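What follows is a set of notes on a single structure, which appears directly below.
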Amino acid sequence: MIEHLDVSILCTSTALVVGADCGGSATRVVVATPDGRIVGRGRAGAGNPVARPPADAAAALVAAVREALAGRDPARVAGAVVALAGRSALDRPAVAACFADAWRATGLNCPLRTVGDAVVAFAAGTPARSGTVLIAGTGAVAARIVEHSVGHTVDGLGWLLGDEGGGFWLGLEAARLTARALTTGHDRIGPLVDAVSTAVRGAAAPAGDPTGDGFVTAFYALPRHRVAGLAPLVLDAVRAGDPDAHRLIEKAADRLAATVHAVAPGAEPLVLAGGLLTGPPEIRAALLARLKRPATIAGDPAEAAAWLAAHDLTPTAAEHRAFVTPRTR
């Protein structure tokens, strides 16, 4: 995937770097100067070549890069770091060729360095080179980071085998709870069951069919991303005081805490990343109560990827804080 690079642009003030975060829900790209000034952003669809057809994932990267460049000369880009959820797919020659073709389609001539999404998730929380990161978005994985490389991981096994405590897991648990409540005829239908039932069946629900049959049929017709899309309903129901939703949040925090503990206890930095941990506070608060150790909330992983790209080029690139906007609780 490496093309010829005109190194003379490294010596000019017009050089740019590209950082990309290609996840299971979206692809985000940042274009920055080596001193940390963000000059462009782009966003496109899911970029995980395991969860999505590789051609679709690669096309999302192309679209996001083009949007982030916004008419700037691609020849100015001197380096790039692209974080991929599902990076192992690049070990297959056909997938690697697909991404190589996509990279050429962006018009960039700089080398492309791909890393696992855990590397930039960790870098989005700290300039440290080693530590632990827990990512809970659509999926869930914890990774030991050693010198900005993945040492070993726990979970991250996908929607069928693991990802416990992640968005898909939480959405599926909410759907299971809803199916049981509807099919057993519980007297009390709380906010969570009502919201999930409505979201799954929607306008297609047969008139006068409050039972579980219609729900189960509709649920099995849902695409996978719609299952993960049920997770925010659990958080909404917690705020509405639903005890069923609260129990699911506690279960998710238990699973995520167990995943972190299986990586490494230690006093090195711990970064929390992914939408379930960097957004609404409910799961994060329950998790921190179990971990009993300090943690940093990750900022934008695409910004962190740009920071890594800048430091690949020159040790005089700007500090971490110039690239990555800190996220407060």
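Worth a mention:
- Of all residues in region 74-88 being among the small types (Gly, Ala, Ser) and not in a strand (DSSP E or B), the one that is most open to solvent (accessible area, probe 1.4 Å): Ser88
- Contact map, region 44-65: residues that are within 9 Å of Gly24 (Cα to Cα) paired with residues that are in a loop (DSSP other than H, G, I, E, B) and of a type in the set (A, V, I, L, M, F, W, C), Cβ distance under 7 Å, separation 6+ or inter-chain. Pairs shown: Gly45/Ala26; Ala46/Ala26; Asn48/Ala85; Arg52/Ala46.
- Taken together, the residues in region 199-220 that are at pLDDT 50 or above, open to solvent by less than 80 Å² (accessible area, probe 1.4 Å) and assigned to a loop (DSSP other than H, G, I, E, B) amount to 2.
- Hits in region 134-167 - residues which are without any contact (Cβ under 8 Å) to a residue 24 or more places away in the chain, in contact with a Lys or Arg (Cβ under 7 Å, 6 or more places away or on another chain) and more than 15 Å from Val260 (Cα to Cα): Glu147
- Some residue of region 29-45 being basic (Lys, Arg), touching a helix residue (DSSP H, G or I) at 6+ places or on another chain (Cβ under 7 Å) and over 20 Å from Ala273 (Cβ atoms): no
- Filtered residue count, region 97-111, keeping only those that are aliphatic (A, V, I, L, M) and open to solvent by less than 20 Å² (accessible area, probe 1.4 Å): 3
- Some residue of region 66-73 being open to solvent by 70 Å² or more (accessible area, probe 1.4 Å), modelled with pLDDT of 90 or more, closer than 13 Å to Ala26 by Cβ and in contact with a strand residue (DSSP E or B) (Cβ under 9 Å, 6 or more places away or on another chain): yes
- Checking Ala142 against (1) under 18 Å from Val324 (Cβ atoms); (2) outside any helix (DSSP H, G or I), the condition it does not meet: (1)
- Contact map, region 247-268: residues that are closer than 10 Å to Asp155 by Cβ and at pLDDT below 95 paired with residues that are loosely packed, with under 15 Cβ neighbours inside 10 Å and of a type outside the set (D, E, K, R), Cβ distance under 9 Å, separation 6+ or inter-chain. Pairs shown: Val263/Gly151; Val263/His152.
- Qualifying position, being among the hydrophobic types (A, V, I, L, M, F, W, C) and crowded, with 24+ Cβ neighbours inside 10 Å, among Ala128, Ala123: Ala123
- Matching residues in region 49-64 - criterion: being in contact with an Asp or Glu (Cβ under 9 Å, 6 or more places away or on another chain) and assigned to a loop (DSSP other than H, G, I, E, B): Pro49
- Of residues in region 146-196 being outside any helix (DSSP H, G or I) and over 30 Å from Val133 (Cβ atoms), the one modelled with the highest pLDDT: Gly190
- Meets criteria (in contact with a strand residue (DSSP E or B) (Cβ under 9 Å, 6 or more places away or on another chain) and either over 25 Å from Ala60 (Cα atoms) or part of a helix (DSSP H, G or I) (or both)) for Thr114: no
- Picking from residues in region 144-194 that are within 27 Å of the chain's Cα centre (by Cα) and among the basic types (Lys, Arg), the one that is most open to solvent (accessible area, probe 1.4 Å) is Arg176.
One line per residue, one yes/no per condition, for (1) among the hydrophobic types (A, V, I, L, M, F, W, C); (2) surrounded by fewer than 21 Cβ atoms within 10 Å (Cβ to Cβ):
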position	(1), (2)
Asp236	no, yes
Arg239	no, yes
Ala245	yes, no
Lys251	no, yes
Ala258	yes, yes
Glu268	no, yes
Val271	yes, no
Gly274	no, no
Thr278	no, no
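The values are calculated or read from the model by the stated rules, or taken from the named source; none is laboratory data. This one's a predicted model, so the numbers in the text were calculated from it and none came from an experiment. Positions of Cβ are backbone-derived with ideal geometry, glycine not excepted, and every protein chain shown enters the neighbour counts. Keep in mind that these areas ignore ligands, DNA and RNA; they rest on the heavy atoms of the full protein, side chains included. Shrake-Rupley method; radii C 1.70, N 1.55, O 1.52, S 1.80 Å.
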